[in-house]
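> Quick one: the structure is below, questions incoming.
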Amino acid sequence: MRVVRTPSGDVVPDETGRAPGRGGYVCRTNECLDKAIAKGALSRALKTPLPADLRTALAGGLTNTIIEGGPRGQE
C-alpha cells in the first residue's frame, strides 16, 4: 500500500499509486503498519511527522491475509 505526503503536507493513502508527492510503501497487514509507525520507518520515508489519525485513515486498506510471493517474488 502506498502512503503519500502531498505537496500541501497532508499524509494520505494513495489508492491509485500515482498521487503527486513523496511516497512510502507498507504492506497491508495490521502488524506491518504498526511496526512501520512504531519504528519510525514510514515517517522517515515521507520525511515528515505522521498525524495521530493516520492509523484510522489507513485502516480501510488493511487486511489480515498475508500475500505470499511466487518463486521470483511475483504475487
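> Can you report the number of residues in segment 5-22 which are at pLDDT below 95 and under 12 Å from the mean Cα position of the chain (by Cα)?
6
> Please list, ordered by first then second residue, the pairs with beta carbon atoms under 9 Å, 6 or more apart or interchain, first in segment 23-36 and over 11 Å from PRO13 (Cβ atoms) and open to solvent by 50 Å² or more (accessible area, probe 1.4 Å), second outside any strand (DSSP E or B) and charged (D, E, K, R).
Listed pairs, sorted by first residue: ASP34/ARG55.
Results for (1) outside any loop (DSSP other than H, G, I, E, B); (2) of a type outside the set (Asp, Glu); (3) in contact with a Lys or Arg (Cβ under 7 Å, 6 or more places away or on another chain); (4) closer than 14 Å to GLY61 by Cβ, shown as yes or no for each residue.
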| residue | (1), (2), (3), (4) |
| --- | --- |
| PRO7 | no, yes, no, no |
| PRO13 | yes, yes, no, yes |
| ALA19 | no, yes, no, yes |
| CYS27 | no, yes, no, yes |
| PRO49 | no, yes, no, no |
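The values are calculated or read from the model by the stated rules, or taken from the named source; none is laboratory data. Model, not experiment: these values are computed from the prediction. Glycine gets a Cβ as well: all are built from the backbone with ideal geometry, and neighbour counts include every protein chain shown. Ligands, DNA and RNA are excluded from the accessible area calculation, which covers all protein heavy atoms including side chains. Shrake-Rupley method; radii C 1.70, N 1.55, O 1.52, S 1.80 Å.
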